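The values are calculated or read from the model by the stated rules, or taken from the named source; none is laboratory data. Computed from a predicted model, the values in this text were never measured in an experiment. Cβ placement follows ideal geometry from the backbone for every residue including glycine, while neighbour counts extend to all protein chains displayed.
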Amino acid sequence: MQQKVLITAGGSGIGFETASAFAAAGAKVFVCDIDTQALAAATRVIPGVITRPCDMARRAEIETMVPAAVEALGGLDVLVNNAGISGPTKPVDEMPPAEWDRTVAVNLTGMFDVTRLAIPHLKRSEAGVIVNLSSIAGRFGFANRSPYAATKWGVIGFTKTLAIELGDWNIRANAIAPGAVEGERIERVFAGRSAISGLTVAEERAKAIAEQSIKAMVDPKDIAALIVYLASPAAKAISGQVIPIDNDRQRA
Ligand SMILES: NC(=O)c1ccc[n+]([C@@H]2O[C@H](COP(=O)([O-])OP(=O)(O)OC[C@H]3O[C@@H](n4cnc5c(N)ncnc54)[C@H](O)[C@@H]3O)[C@@H](O)[C@H]2O)c1
């Protein structure tokens, strides 16, 4: 069976690597993203990928994107809820409410909207799968990143609930919790911490890695491989779980 896969925010980063990995495994892949240039670039390098712009903070756009994805794919077997923004780096009492709202909108409400619209189609699949992107910030408290941590804990509660609700349709739902992933985004996170701590960006990076048993950054290709595995028949007994991929990090 050729898997039909929808990946949100797959124009770059982990979503892009995941789209590439599914395509390489023979799946039919649909990717949405807010960045049309990233989508155009993805179309050039991922064979057969179908793309569409969508802002995950806009319910109306999601409400047209999901049906368009299902129609283009000819059904839906796998939903990868990858979209998630870092949000600001500020203590709670200085957190701009509008930035809190935006982070919740993209990371949690957008995930809810995509999923509620995808479920009727996943129920028609022989083996429906949902993989949600949480984070190390969904397993620990995370100073100065309250909207991010709150939404990533929220992703876990949402995932565990989906697993229970959808088990009767043989749909599995799992969350993955990456740690520090190699790429531009984590460099922005270190820069944000450095602005508050007074340490240099290099010192912040070294401090983060020092919290880990394996002293390395996570390769986004390894995250993509984990997602492809979770969507495969070999993972048919895995549902309702949170799977860290973080070099055994001890705190966020
Ligand atoms: N990178 C990390 O270190 C890390 C660690 C743990 C968890 N995660 C999670 O993994 C997921 C992907 O992270 P990433 O590092 O690949 O992200 P990223 O910052 O590299 O962005 C990936 C894509 O998201 C798109 N995007 C941003 N806002 C959007 C919106 N409103 N609507 C649609 N698309 C939008 C961007 O255009 C980009 O193409 C997120 O949920 C993130 O929280 C990342």
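In the set (1) more than 24 Å from ASN107 (Cα to Cα); (2) touching a Lys or Arg at 6+ places or on another chain (Cβ under 9 Å); (3) buried (at least 17 other Cβ atoms within 10 Å of the Cβ), LEU166 fails one condition alone, (1). Filtering LYS221, LYS207 for residues that are within 16 Å of the ligand (Cβ to nearest atom), outside any loop (DSSP other than H, G, I, E, B) and within 17 Å of the chain's Cα centre (by Cα) leaves a single hit, LYS221.
Please find, within the range 70-124, the residue that is farthest from ILE196 (Cα to Cα) out of those that are surrounded by fewer than 14 Cβ atoms within 10 Å (Cβ to Cβ) and either aliphatic (A, V, I, L, M) or within 14 Å of the ligand (Cβ to nearest atom) (or both). For the range 70-124, the residue satisfying everything is ASP101.
If you scan the range 4-16, which residues turn out to be under 14 Å from ILE223 (Cα atoms) and surrounded by 22 or more Cβ atoms within 10 Å (Cβ to Cβ)? Selection gives ILE7, GLY10, ILE14, GLY15, PHE16. Annotation note: Cβ proximity below 8 Å between a residue of the range 107-131 that is more than 19 Å from ALA177 (Cβ to Cβ) and a residue that is hydroxyl-bearing (Ser, Thr, Tyr) (sequence gap 6+ or interchain) occurs for VAL114/THR8. Among the residues examined, ALA42 does not qualify as more than 26 Å from MET217 (Cα to Cα), in a helix (DSSP H, G or I) and not assigned by TED's automatic domain parsing to the domain that holds ALA208.
Scanning the range 63-84 for residues that are under 19 Å from GLN3 (Cα atoms) and free of Cβ contacts under 8 Å to residues at least 12 places away in the same chain yields a total of 1. Screening MET1 against (1) more than 16 Å from the ligand (Cβ to nearest atom); (2) in a strand (DSSP E or B) leaves a single unmet condition, (2).
Within the range 184-205, does at least one residue satisfy the condition of being in contact with a Phe, Trp or Tyr (Cβ under 6 Å, 6 or more places away or on another chain) and at pLDDT 95 or above? Scanning the range 184-205, I find no residue that is in contact with a Phe, Trp or Tyr (Cβ under 6 Å, 6 or more places away or on another chain) and at pLDDT 95 or above, so the answer is no. The residues in the range 28-62 that are surrounded by 13 or more Cβ atoms within 10 Å (Cβ to Cβ) and either in contact (Cβ under 8 Å) with a residue 24 or more places away in the chain or over 18 Å from the mean Cα position of the chain (by Cα) (or both) can be counted, and the count is 23.
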